[in-house]
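The values are calculated or read from the model by the stated rules, or taken from the named source; none is laboratory data. Note that the structure is predicted; figures quoted are calculated from it, not measured. Here the Cβ positions follow ideal geometry from the backbone for every residue, glycine too, while neighbour counts run over all protein chains shown.
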Amino acid sequence: MLDGLIISWSHWFILIFIFVGIFMLVGFIINLIERNTRTGYFSRRSIQYLRKFRGLMEPFGIGILLVTFALINPLVHGPLILVSLALAFIPLKNYFTGHLLLLNDTFSEGQRIKVNGNEGVIDKIDRLGLTLQIKEGVRFINYTTLINDGFTKVEGERLEGINFLQIVPPEEMEDKSIRKLKDKLFACPYIDWFYPPEIKIVDQPNQKIAYKARLRVRQDQHLKHLIKLLEDWGYQCRPIL
């Protein structure tokens, strides 16, 4: 069946441009939707499906490129790919394990989990593992470790010490999205990240964008420092009930 199939270098590079172009286009569309600060249910579902599509397309595209690379010169490229796959077996196993977990929405940023007795908040989700914010600092955990050692999703929050803030971005700020605000808050030392903040958009009569944040600070006196920090970033901030 493959005898009549001829793949040239030009065909292979065209495939690379096609897959890279689609991947970048999907990423651009996701960023465009996320910049709509008044994201509704339809937009959230669209982002979810687009991310899953991009997650599926990445390993699929890599597989197609490897197969077509082998077909350019099967006698040379075939054994070369087999040796490369054997040498990279462990990271590849970790890579595909992570994609299966992410496609099932197993993890999300800001979620609390416990791994090997260490409880922390997911700071970042990468292709090969998670960056976990724990008491001692930051720890990277690969997906194979999560599968082999197991993990626990920590549910529930203590209600004491919970603060509610209204946060209003300045008009001149280019990126007023929730993601931008969360990125800034994650670098804040005053927030108790064992209890991730909940940030929602609230409607204002003057059509201005405002957020309501539910969060817990490490110590009571840290609340005023947090408000001062938000004001230094250009946001208007005040405690609310």
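Against the list (1) crowded, with 18+ Cβ neighbours inside 10 Å; (2) within 20 Å of residue 120 (Cα to Cα), the condition residue 186 fails is (1).
Close Cβ contacts (under 9 Å, 6 or more residues apart or on different chains) running from residues in the range 210-227 that are at positive phi to residues that are not in a helix (DSSP H, G or I) are absent. Taking the criterion of being farther than 16 Å from residue 52 by Cβ and at pLDDT 75 or above, the residues of the range 89-111 that qualify are 89, 90, 91, 92, 93, 94, 95, 97.
Of the residues contained in the range 219-228, none is found to be at pLDDT below 85, touching a Phe, Trp or Tyr at 6+ places or on another chain (Cβ under 8 Å), surrounded by fewer than 11 Cβ atoms within 10 Å (Cβ to Cβ) and not in a loop (DSSP other than H, G, I, E, B). Remark: residue 1 falls outside the filter, which requires a residue to be modelled with pLDDT of 85 or more and of a type outside the set (Ser, Thr, Tyr). If you go through the range 110-150 and pick out every residue that is of a type in the set (A, V, I, L, M, F, W, C), more than 14 Å from the chain's Cα centre (by Cα) and outside any strand (DSSP E or B), you end up with 2.
So that you can scan it fast, the table gives a plain yes or no per residue for (1) exposed (fewer than 13 other Cβ atoms within 10 Å of the Cβ); (2) modelled with pLDDT under 75; (3) farther than 17 Å from residue 237 by Cα:
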{"position": "133", "(1), (2), (3)": "no, yes, yes"}
{"position": "148", "(1), (2), (3)": "yes, no, yes"}
{"position": "160", "(1), (2), (3)": "yes, yes, yes"}
{"position": "166", "(1), (2), (3)": "no, no, no"}
{"position": "210", "(1), (2), (3)": "no, no, no"}
